[in-house]
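Read the figures in this text as sums done on the coordinates, not as results from a lab. Predicted model only: the values in this text are computed from it and were never measured. Note that each Cβ is placed from the backbone with ideal geometry, even for glycine, and that neighbours are counted across all protein chains shown.
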Amino acid sequence: MLNSNFPSKKRMSEETCTIAAIDIGTNSIHMVIVEVDKTLPAFTIISREKDTVRLGEREPKTGNLSEAAIKRSLASLRRCKDLAESFNVEHIIAAATSATREAPNGLDFIWQVQAEVGITINLISGYEEARRIYLGVLSGMDFQEKPHVIIDIGGGSTEIVLADSQEPRFLSSTKVGAVRLTNELISTDPIDEKELTYLQAYVRGMLERPIDEVKRKLKPGEIPQAVGTSGTIETLVALHAMQTLGELPSPLQGYQMSRQDLKDMVKQFVSLTYEERVNLSGMSEKRAEIIVAGAVILLEAMTMLNLETITICERALREGMIVDWMLNNGLIENRLSFQTEVRQRSVYKIARKYKVDLGYGEQVAGFAVSLFDQLLGTLHNWGKPERELLWSAAILHNCGVYISHSSHHKHSYYLIRHAELLGFTEMEIETIANIARYHRKSTPKKKHTAYSKLPDNYRKQIKHLSAILRLAVALDRRNIGAIKDVHCKYDQEYQKLHLHLIPSNTKDDCSLELWNLDYKKVVFEDLYDLKIMATLESNNV
């Protein structure tokens, strides 16, 4: 989802545009400003901004983001917007990760930013965060047809990705982050042996499942290359460079560090107090607070994966957000072209996982988008993004049958909401799940908790799109494709919507479809204040 937060001071050329991507993490808020060359296509980084706000600071009793953390973050985001405006940025893309995802007041924080700063934040899942990290790394490194393990250690989570130049084979996000583990597991300074032993064991236990999956996805004989991204690993590499070379390489991109060197650094860190760590060349005050936990996470991950060296990549989530924007806007058609279909492929993957009848799902989805397209400009003004959400919900609307036919619409909501739908924001996944949930039975109501928590615009989307989906479901009541096509004609004067149904078999009276349509059309009629008149074309010939 894009957000034009302010008008440009000057019109950019048709060949270029300037984009800002903001990563709102647990530890820091990062922004990168790039100039996109649409003709190549490629982007050039023209400015970076970083602010350590510790958004992951929580209220002990409630788990809410603290008022102080929110205040720091709002101030940082205002500075980001001011800087972006000074560069005549045309679009700001903002994404929030684990701290906002997990906090009970995370959505409230997002709406507060929208209201007070004017920046729209997309809340993304851990898997989506991992996918965008992969895109960022791939945009800055040549994988040379070799598998790579990407490790990104954030404040609240660690993303581990197994990927090649074509696709990510495995994406994971685990709740072990430098800030999280420092707050929860470290109370001594320097850390005592008991706490260190527990910290190491905890990290190994948490990383066991994703690392086992990485190993399982490797082909026989494959030896993956290791890539490290983001602040914790960049700091470790910078410290290593200062200690071994006496200077900081510029850029850090491509710098390598061995596991043995990392092991020696961890041994050094755990013997030092905070004040002593701060005095290390290349160490910042904020990073010194969390470097022990961050270094332990990386060392345990490399050890479990048997990775002897790791190479730094300075591109990660923020740059991946830019690449994702370029993909969604049709600017990339080369080696990343496979990624443009990530949403559609992800929907089909979930459909197969829950044994959805794809023939039926595609038939319903075809009716849904056909109705959407024909009614555009007359009964609604939703656009391409909403059309895609409707299509996704239509494909998956019956996935709840995998659990039980009884109340399967509610099961569909749960399965979609917790599925690994890549390419979508958390709010988009919530919208898809709600559209599917309301394809039958009850209409959306404010007493429904998941629905009531959504902003007005999303609730409106769900009402309108689920009403269309109800009609589409009715048109294939017998799951045999009895109706081949539907043509809509809206009579504004008499407030009537005429649905002309084309049967697949002219001898089929489609009585069950007509009956079901008559039953399900009431929700649509009440919503749009009209009457639906359905006729079977074969009966009028």
Helix 67-86: inclination vs the chain longest Cα principal axis, degrees, rounded to 10, gives 80
The FRET efficiency for Gln495 and Gln344, from their Cβ-Cβ distance with R0 = 41 Å and rounded to 0.05, is 0.70
With +1 on each Lys and Arg Cβ and -1 on each Asp and Glu Cβ, and nothing else charged, work out how big the dipole of segment 128-318 is about its Cα centre, in Debye to the nearest 20. 480
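Tell me the net charge near Gln243. Cut-off is 11 Å between Cβ atoms, Gln243 excluded, with +1 for each Lys or Arg and -1 for each Asp or Glu. Before the final figure, lay out the partial values.
Details: positive: none; negative: Glu247, Asp261, Asp264.
Net local charge, Gln243 excluded: -3.
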As a test of the formula, what do you get for the chain when each DSSP H run with n ≥ 4 contributes -39,500 (n - 2.57) and the sum is divided by the residue count, at 222 nm and rounded to the nearest 500 deg cm²/dmol? -15000 deg cm²/dmol
Quick one: which residues, 5+ away or cross-chain, put their amide H under 5 Å from the amide H of Ile483? H built at 1.01 Å from N. Ser504
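What does the charge count around Thr535 come to, taking other residues whose C-beta lies under 14 Å from its C-beta (Lys +1, Arg +1, Asp -1, Glu -1)? Show your work: numbers first, answer last.
Values: positive: Lys489, Lys496, Lys521, Lys531; negative: Asp485, Asp491, Asp509, Glu513, Asp518, Glu537.
Result for the local shell: -2.
Which FRET efficiency value, to the nearest 0.05, do you get for Asp373 and His418 by plugging their Cβ-Cβ distance into 1/(1 + (r/R0)^6) with R0 = 25 Å? Intermediate values should be presented prior to the final figure.
Numbers: r = 30 Å, r/R0 = 1.22.
After rounding, the FRET efficiency stands at 0.25.
Can you tell me how much longer the chain between Arg204 and Lys286 gets when fully stretched, taken as 0.36 nm per residue apart minus their C-alpha distance, in nm with one decimal? Don't skip to the end; give the middle numbers.
Details: separation 82, 0.36 × 82 = 29.52 nm, distance 2.51 nm.
Length gained, Arg204 through Lys286: 27.0 nm.
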Could you work out the pair-distance distribution P(r) of segment 355-536 from its alpha-carbon pairs, with 5 angstrom bin width and percents rounded to whole numbers? 1, 8, 18, 22, 21, 15, 9, 4, 1, 0
Kirkwood radius from Cα pairs of segment 81-210 plugged into Stokes-Einstein at 20 °C, 1.002 mPa s, gives D in µm²/s equal to 125
Dimensions in Å of segment 86-140 - Rg and Dmax from alpha carbons: 13.2, 36
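Which whole number in µm²/s is D for the chain by Stokes-Einstein, with the Kirkwood Rh taken over Cα pairs at 20 °C and 1.002 mPa s?
Numbers: Rh = 25.3 Å.
Stokes-Einstein gives a translational diffusion coefficient of 85 µm²/s.
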Could you calculate the FRET efficiency of Asp508 with Arg387 from 1/(1 + (r/R0)^6), where r is the beta carbon distance between them and R0 is 35 Å, rounded to 0.05? 0.75
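Ranked from highest to lowest mean number of other Cβ atoms within 10 Å per residue, what is the order of the peptides 168-177, 479-488?
Working: 168-177: 21.5, 479-488: 16.5.
Averaged packing, sorted descending, gives the order 168-177, 479-488.
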For Ala534, other-chain or 5+-apart residues with amide H closer than 5 Å (H placed, Pro excluded) are Leu499
Interchain or long-range residues, amide H under 5 Å from Leu123's placed H: Ala96, Glu426, Met427
If packing is taken as the mean number of other Cβ atoms within 10 Å per residue, what is the order of 105-111, 428-434, highest first? 428-434, 105-111
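Sum up the lysine pairs in segment 9-123 that clear both bars: alpha-carbon distance under 18 Å and a spacing of 8 or more or different chains.
On the way: Lys9/Lys81; Lys10/Lys38; Lys10/Lys81; Lys50/Lys71; Lys50/Lys81; Lys71/Lys81.
Summing the qualifying lysine pairs gives 6.
First select every other residue whose beta carbon is under 10 angstrom from the beta carbon of Thr39; then total the charges, Lys and Arg +1, Asp and Glu -1. Write down the numbers at each step before the final one.
Values: positive: Lys38; negative: Glu14, Glu15, Asp37.
Here the count lands on -2.
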Reduced to Cα centres, the span from segment 271-309 to segment 25-89 in Å works out to 24
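Once the piece of chain linking Val522 and Thr309 is laid out straight, how much longer is it, given 0.36 nm per residue of separation minus the C-alpha distance between them?
Working: separation 213, 0.36 × 213 = 76.68 nm, distance 6.37 nm.
My answer for the length gained is 70.3 nm.
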Mean Cβ count within 10 Å, highest first, over the residues of peptides 127-133, 15-21: 127-133, 15-21
Once the dipole of segment 9-123 is set up with Lys and Arg at +1 and Asp and Glu at -1 on Cβ about the Cα centre, which of Ile93, Gln114, Phe43 lies farthest towards its positive end? Gln114
